[in-house]
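Take a look at the structure below.
The values are calculated or read from the model by the stated rules, or taken from the named source; none is laboratory data. From a predicted model like this one, the values you see are computed outputs, not experimental measurements. We place every Cβ from the backbone using ideal geometry, glycine too, and count neighbours over all the protein chains shown. Ligands, DNA and RNA are excluded from the accessible area calculation, which covers all protein heavy atoms including side chains. Shrake-Rupley method; radii C 1.70, N 1.55, O 1.52, S 1.80 Å.
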Amino acid sequence: MSTVALHQKYRPQTIAELVGQPYIKTALTNAVKYLQIAPAYLFTGSRGTGKTSTARIFAKSLNCLNTKKPTDQPCGICQSCRSIETSNSLDVSEIDAASNNGVDDARALIERSTLAPVAGRYRIFILDECHCLTGNAFNALLKCIEEPPPHVVFILCTTELHKVLPTIVSRCQVFNFRTLSVQAIVQHLGIVADAESISIDEEALTAIARLSDGGLRDALQLLGQVSLLDEDITANHVMEIAGGVTQTELMSILQAISTNNTFNLLQVARVLVDSGKTPKLILSNLLQTYRDLLIIKSAPKEQSLLTGCISYAQLKVLANHWNFETLNLSLAELQKAENYLRYTVNAAVWLEVCLLNLIPSLLAVSATKMLTVKPVNDKGHDSNLLPAVAANTANLAQIWQQVMDTAKPSNQKLLAHANLVKLQDDKAILEVTPAYLNKFESSKEAIAKMLQRATQSQQPMTVLIKTANKSSNGRVKA
Ligand SMILES: Nc1ncnc2c1ncn2[C@@H]1O[C@H](COP(=O)(O)OP(=O)(O)O)[C@@H](O)[C@H]1O
Ligand SMILES: [Mg+2]
Ligand SMILES: [Zn+2]
């Protein structure tokens, strides 16, 4: 394996090799072709989108010695091209404005600009990270940029256009480097991976692309990092190395939520937090996944809109567990939790609370308290019960189920003949099948204790037993 970092090894050498940036490519190619060279250019855009690379390519294009005039196909092998590549050119100065930002540096530069080029046609100044220049330095440069000697070209690069003096900006031809699309990055990474014989699947490449915020430098760096694993690379490897929440981990959270499995849910959360993943990171990954689920619900064909790390196929299966409204409520819940996380000192606890609130049956309860939305039953139809009643019923049924689960097997049969119909403070009302009325009456105390345990109430409970009335179909099974 080579020791040169991938992003250095695969720096584009000609304008045509630039990924994306179609307008910039056309404009610069034509500038060279028609010899319309501006005295000053300003390349702006976020990191890793090709600014410095383009500045060097353009310098080579202007000064390549293998042609009689500037060319859009610099040879890359003449003395001028090579010296620009190694930053040794006498005519092309690449100045890191972050460390040469004072007015004296600017004056020295202006002085050099008056000298004729040594070997090439132009004297070119590439001012990288030019937003770091002080106001005085900018002002000193102003005149020179406005009316430079005919053989001088300035190329200013910056990630922060708003920090550059407006008077400077207005004297430059400004090129805005766009962040690259996930597709463009995946495609480029695929080419590099092939050339380097890195075994990595499409999902993993997509995961890398999504993590790199539209910048190719970060993407190539991450690819280089995962390529050090001696195995076929998957999206999980990528998330693991990038310190993110893996697809497998997210899937176990979502599965626990969709199946009301409180125990598993809290356990997965605890393991994640213990392994060093912050609650904030976990929540933001969940938020992204719920957003993706919502997209799958509303625009099932728009794969390209997905941004999370769970694959389209898996999302489609998962999405069946929720309806649109529940997903929407879950997103609101997640957003609320993100806000709380900002202020709390006990983030792990808030994470747990939030996860529990995402469990669909509990979500319905808190939602009816917060908003007036119609709850829907598990078939996705509007429930014909009033919202509060529906939510309450779900909640009470769950508590009763818990009581039954913790009872001795010999008692479970009897308990199945009752419904918990009301629970207020320390009073519970049970509706039972008439034939078992006496049995329930005699076990009231025991049931009260079980209910107290299930609800984790501090005070003892009183249980009232009544018979189920016939109009409710005699249905008492929970
Ligand atoms: N548009 C692009 N096309 C091809 N490679 C790119 C592009 N943008 C960035 N890269 C890759 O990232 C590395 C850093 O790019 P660079 O031009 O220094 O970005 P910037 O100056 O915008 O931060 C390059 O060496 C190259 O490997
Ligand atoms: Mg740069
Ligand atoms: Zn050349």
Just the number, please: percent antiparallel of the DSSP beta bridges in the chain, rounded to the nearest 5. 20
For the chain, what is the calculated [θ] at 222 nm in deg cm²/dmol (nearest 500), taking -39500 (n - 2.57) for each run of four or more DSSP H residues and dividing by its residue count? -15500 deg cm²/dmol
What does the accessible area per residue of the chain come to in Å², with a 1.4 Å probe and no ligands, DNA or RNA counted? 52
Dmax and Rg, reported as Rg then Dmax, of the stretch 37-84 (C-alpha, Å): 11.6, 35
What angle do you read, to the nearest 10 degrees and between 0 and 90, between the alpha-carbon axis of helix 51-63 and the longest principal axis of the chain? 20
log₁₀ I(q)/I(0) of the stretch 1-71 at q = 0.19, 0.23, 0.24, 0.27 Å⁻¹, via Debye over equal Cα point scatterers, no solvent, to two decimals? -0.81, -1.10, -1.18, -1.38
Please work out the Kirkwood hydrodynamic radius for the stretch 242-366, using every pair of different C-alpha atoms, and report it in angstroms with one decimal place. 14.5
Under a cut-off of 26 Å between alpha-carbon atoms, report the lysines in cross-link reach of LYS439, not counting same-chain residues fewer than 8 places apart. LYS408, LYS413, LYS422, LYS427, LYS449, LYS466, LYS470, LYS477
For LYS69, counting only aspartates and glutamates whose alpha-carbon sits under 20 Å away and dropping same-chain residues fewer than eight positions off, the answer is GLU85, ASP91
Over 19 Å, how big is the tail of the calculated P(r) for the stretch 99-164, in percent of all Cα pairs? 28
Shape call for the stretch 75-201, from the Cα gyration tensor axes a ≥ b ≥ c (a/c under 1.5 means rounded, otherwise prolate when a/b beats b/c, else oblate), comes out oblate
Whole-percent carbon and sulfur share, accessible surface of the chain, 1.4 Å: 53
If the chain between GLN303 and GLN458 were fully stretched, how many nm would it gain, using 0.36 nm times the residue separation less the Cα-Cα distance? 50.7 nm
Enumerate the calculated ³J(HN,Hα) couplings along the stretch 167-178 in order (Karplus 6.51 cos²θ - 1.76 cosθ + 1.60, θ = phi - 60°), each rounded to whole Hz, writing x wherever the residue is Gly or Pro. 5, 6, 4, 5, 9, 10, 7, 9, 10, 9, 7, 7
Using only the alpha carbons of the chain, what is the convex hull's orientation-averaged projected area in square nanometres? 30.5
What percentages make up the Cα-Cα pair-distance distribution of the stretch 31-115 when the bins are 5 Å wide from 0? 3, 13, 19, 22, 23, 13, 6, 1
Taking the Cα atoms only, what angle lies between the long axis of helix 347-358 and the longest principal axis of the chain, rounded to 10 degrees? 60
Express in % the proportion of alpha carbon pairs of the stretch 236-297 at distances exceeding 16 Å. 45
Amide H proximity to ALA40 below 5 Å, modelled H, separation 5+ or other chain, gives PHE154, GLN173
Loop-located trypsin sites (Lys or Arg not before Pro) in the stretch 280-341, at most 15 other Cβ atoms within 10 Å (DSSP): LYS301
